[in-house]
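Asker: The structure is given below, and queries will be raised subsequently.
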Amino acid sequence: MTVPASGDNVVRILVCEDQTLMRESLRTVLDLEPGFCVVGEAADGEEGLRLAETLCPDIVLMDVQMPRQNGVQATAAITARRLPCRVIILTTFDYEDYVFDAIKAGAVGYLLKDTPATELATTIRKVYAGESFIQPKVATKLLMEFGRRGAAIGGDSAPAAREERAGVLGNGDSNALEGLSQREADVLRLLAQGASNRDIADQLVLAEGTVKNHVSNILMKLHAANRTQAVSLARQRGLI
């Protein structure tokens, strides 16, 4: 297949997704869409950034959780290098931290992977035309996160306020050493109190599945085998 050059009135798309089946499925669906051409595939963020530089796609479909460099980091790198492509996050995760961080990194679209193919195609065309698009249910969570962070900044004595002024758990906060987001830090503190996923979900007003995702991220970032070890390591390192 001949790959169209930039400016040929064809939307050139780079797919960044670490799951082979999902990546191949996206290529199949998008290549069948009139006016679309998948010019490359990447299995991690580093490869995605390299291909974004060399292939000059119009649109990058970016997963969030990928090895070596995640989707938010790759998006931030694309933005920092002022590459002409526009990034659409396509992920299974809709909780607030990921949405906020992805938009802050420079993404102009945010879709969940259960999005119908027709909606995905429509969103790609909108973003290609210069618009931004975030699914309504995701946008609601983004607004909630803006409100939460704004409220935190309003209280000078609150630890969260100091964290937000330095960025999302920025320099100077002990949690930053582990790469924990504010919400993950909240979950970790409740884990230390012996709270179950259901208890944490109720206290933080989250879905129980979202809490499970946060716990998985905490275990990964602390290199812990289970919740008990995560709490023990966090106490040793002064995180809680």
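The values are calculated or read from the model by the stated rules, or taken from the named source; none is laboratory data. Not measured: the values here are computed from a predicted model. Using ideal geometry, Cβ is built from the backbone for each residue, glycine included, and neighbour counts are taken over all protein chains shown.
Asker: List the strands (runs of 3 or more DSSP E) that sit entirely inside segment 48-112 and contain at least 2 residues that are touching a Leu at 6+ places or on another chain (Cβ under 6 Å) and at pLDDT 90 or above. Even if it seems obvious, please write down each step before you answer.
Answerer: On the way: elements: 59-62, 86-91, 109-112.
Fully inside segment 48-112 and qualifying: 59-62, 86-91.
Asker: Right, another one. Out of curiosity, is residue 79 polar (S, T, N, Q), in the same structural domain as residue 15 (by TED's automatic domain parsing) and closer than 25 Å to residue 118 by Cα?
Answerer: For residue 79, the condition - polar (S, T, N, Q), in the same structural domain as residue 15 (by TED's automatic domain parsing) and closer than 25 Å to residue 118 by Cα - is not met.
This table checks each residue for (1) within 18 Å of the chain's Cα centre (by Cα); (2) surrounded by 14 or more Cβ atoms within 10 Å (Cβ to Cβ); (3) in a helix (DSSP H, G or I); (4) modelled with pLDDT of 85 or more.
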{"position": "118", "(1), (2), (3), (4)": "no, no, yes, yes"}
{"position": "142", "(1), (2), (3), (4)": "yes, yes, yes, no"}
{"position": "157", "(1), (2), (3), (4)": "no, no, no, no"}
{"position": "160", "(1), (2), (3), (4)": "no, yes, yes, no"}
{"position": "189", "(1), (2), (3), (4)": "no, yes, yes, yes"}
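Asker: Here is a follow-up. Residues of segment 68-112 being touching a helix residue (DSSP H, G or I) at 6+ places or on another chain (Cβ under 8 Å), more than 20 Å from residue 126 (Cα to Cα) and among the hydroxyl-bearing types (Ser, Thr, Tyr), which ones?
Answerer: 95, 98
Asker: Report every pair of residues separated by at least 6 positions or lying on different chains whose Cβ atoms are under 6 Å apart, first residue within segment 213-240 and closer than 23 Å to residue 65 by Cα and at pLDDT 85 or above, second among the small types (Gly, Ala, Ser) and not in a helix (DSSP H, G or I).
Answerer: Filtered contacts from segment 213-240: 230/224.
Asker: Taking residue 195 as the residue in question, decide whether it is surrounded by 13 or more Cβ atoms within 10 Å (Cβ to Cβ) and among the small types (Gly, Ala, Ser).
Answerer: In short, yes.
Asker: Hey, can you tell me all the residues within segment 12-30 that are under 13 Å from residue 71 (Cβ atoms) and assigned to a strand (DSSP E or B)?
Answerer: 14, 15, 16
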